[in-house]
Amino acid sequence: MGKETLKEKTAKGLFWGALNNGTMQLLNIVIGIFLARLLSPADYGLVGMLAVFTAVAGALQESGFISALVNMEKPTDNDYNAVFWFSTLVGWGSYIILFLLAPLIADFFRHPELVSLSRFVFVSLLFSSIGNTPAAYLFKNMMVRETTLLRVTSLIVSGAVGIVLAFQGYAYWSLAWQQVLYITLTSLGRFFIIPWRPSFHIDLTPVRDMFSFSYKILITTIVNTLSQNLLTFIFGRLYSAKAVGNFSQAFKWDTMASTFVSGTIAQVAQPVLVEVNNDKERQTHVFRKMLRFTAFLAFPAMFGLSMVSHEFILLLISDKWTDSIPLLRILCISGAFLPFYTMYQNLIISRGKSAIYMWCTIALITAQILFVIVFYRQGIVLMVSAYTVITILWLFVWQYFAGKETGLRLLDVLRDICPYLVVSAAVMAVTYLSTRFISNLLVLLVVRVLLSSLLYLAIMRWAGSKILMECLNFVRHRRK
């Protein structure tokens, strides 16, 4: 068999990426339903308060070197080895520091139980550091199939353990065990499924050479992490653990849905865009096609979840989570646009412009913080609404810089994505209004999902959507 073309590699990567994220989200739904029924909002709130610390420490140990390795034409064993030992040393150092800071974290959130809980949750840092370099190897070589199988297996095992512990009455500890076990299994699994192995000849010179590019990715990743966890962190200080738990639950379902799309794209976007980096016209063409694919999936998925959020929450995880329903509806609107962030960010990084990536992200979180400061006295719902508005509007900033780099025009982008946005919004509105008379929650959920899906696909088919045709042709080809 001859060497795969870029189109074939991209299609295969998107297929396995969709399978990966689709299977992961389906498993997360099943696991999430069990855990949400067994645990209280306060249990989720306590674990959610620690998320920002784990995420920032994880960003430090990765330090942007995954993107740096992927951007290199042919990274050497020494490049991989340097990043491996750097990540390992930072991971262990981070754990020691956070272990000592645990009492201060507990004092800040006014929950003494966070001392022992945080020290256990932070153990995941010791294992995640081992998996960073293998993750770069898998990403660079577009080994999406292997990544899919590993993540699915790890989630099944860790989810089963979490559910068993929850049944046994371990409360928030069941969530902690699930999180630590999943990270441990995926990190060790990455290490063992790739052919590369680290050596004890430690030379950190490649790290120093890559740092001029990677440190901007590092700063941006930390800022992104703070942005994603900003509201949880603030709510943890201002409100009860129950309120934080309701927001965490809404944020979890929103993230789960939007990650299906962004995760599918992210596993191929940067390697593919790097491969066509020397041809701006071709890169723009590839980027616009990925934008259309993103819009084709993101808008119906997220608008659909917003539409069915009431029956979804009440039916699947019970009425004790009622307060999370309005938050989920709002978050799904911004969640429809978040996958486009992934696209623009990968385009900017593939052009080697990590400084633009960094400063644009820093400016975003600054704007978000200002909005939160202005609206925090108005309650959680208005704060989340303001956060959503600024998140959507900031896409125009990313478009400005993408246009300067590649000549990509805003008008062309709007032509690419607006048809999917308008059709999705219209389909969900029609479905919602035409099914309001149904009182049974299960029937309502099933009818709305089926009706909106059929309407959307029928309109796409009638309109001659090339993305839909290519997806159908690829699936038919896979069956042969």
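The values are calculated or read from the model by the stated rules, or taken from the named source; none is laboratory data. Keep in mind that what you see is a predicted model, and the values were worked out from it rather than measured. No Cβ is skipped: glycine too gets one built from the backbone with ideal geometry, and neighbour counts run over all protein chains shown. SASA here: full protein model, heavy atoms, side chains in, ligands and nucleic acids out. Shrake-Rupley method; radii C 1.70, N 1.55, O 1.52, S 1.80 Å.
Segment 186-215 and segment 306-372 have Cα centres separated by 31 Å.
In the assembled protein chains, Met358 presents an accessible area of approximately 10 Å² (probe radius 1.4 Å). Here is the list for segment 155-225: chymotrypsin sites (Phe, Trp or Tyr not before Pro) lying in DSSP coil, each with at most 16 other C-beta atoms within 10 angstrom of its C-beta, are Trp196, Phe200.
Going through the cross-link list Lys216/Lys466; Lys289/Lys353; Lys216/Lys242; Lys74/Lys252; Lys252/Lys353, which pairs have a Cα-Cα distance over 28 Å in this structure? As for pairs spanning more than 28 Å Cα to Cα, those are Lys216/Lys466; Lys216/Lys242; Lys74/Lys252; Lys252/Lys353.
Counting only heavy atoms of the protein chains and using a 1.4 Å probe, Tyr400 has close to 130 Å² of accessible surface. Each principal axis of the Cα cloud of segment 81-156 was evaluated for its coordinate range; sorted largest first, these ranges are 45, 32, 14 Å.
Just need the Rg to Rh number for segment 300-400, please, alpha carbons only, Kirkwood Rh. Don't skip to the end; give the middle numbers.
Values: Rg = 16.0 Å, Rh = 15.1 Å.
Ratio value, two decimals: 1.06.
In the complete set of protein chains, residue-level accessible area for Arg145 is approximately 120 Å², probe 1.4 angstrom. Judged by the gyration tensor of its Cα atoms, with axes a ≥ b ≥ c, segment 111-245 is oblate; a/c meets the 1.5 cut and b/c is at least as large as a/b. Along its three principal directions, the equivalent ellipsoid of the chain from the Cα gyration tensor extends over semi-axes of 32, 31, 22 Å, largest first.
Shown in residue order for segment 178-189 are the 3J(HN,Hα) couplings computed by the Karplus curve 6.51 cos²θ - 1.76 cosθ + 1.60 at θ = phi - 60°: 4, 5, 5, 5, 4, 5, 4, 5, 5, 5, 5, x Hz (x for Gly and Pro).
Taken over segment 113-175, the alpha-carbon convex hull comes to 77 cubic angstrom per residue.
Kirkwood-type hydrodynamic radius, segment 35-127: 14.9 Å, calculated from all non-identical alpha-carbon pairs. Each part gets one Cα centre, and for segment 433-465 versus segment 148-184 those centres are 34 Å apart. Karplus-derived 3J(HN,Hα) values for segment 155-163, using 6.51 cos²θ - 1.76 cosθ + 1.60 with θ = phi - 60°, are 5, 4, 5, 5, x, 4, 4, x, 5 Hz; glycine and proline are entered as x. Note on surface exposure: Lys242, Lys216 rank Lys242, Lys216 by accessible area, highest first, 1.4 Å probe. Of the residues Gly64, Ile467, Ala298, the one whose Cα sits farthest towards the positive end of the charge dipole of the chain is Ile467 (charges of +1 on Lys and Arg Cβ, -1 on Asp and Glu Cβ, taken about the Cα centre).
Taking every Cα-Cα distance in segment 328-480 and sorting them into 5 Å bins from zero, the calculated P(r) comes out as 1, 7, 12, 14, 15, 15, 14, 11, 6, 3, 1, 0 percent. Protein heavy-atom surface of the chain, 1.4 angstrom probe: 67% of the accessible area is carbon and sulfur, with nucleic acids and ligands not counted. Applying both filters, DSSP loop and at most 15 other Cβ atoms within 10 Å, to the trypsin sites (Lys or Arg not before Pro) of segment 372-454 gives Arg409, Arg436.
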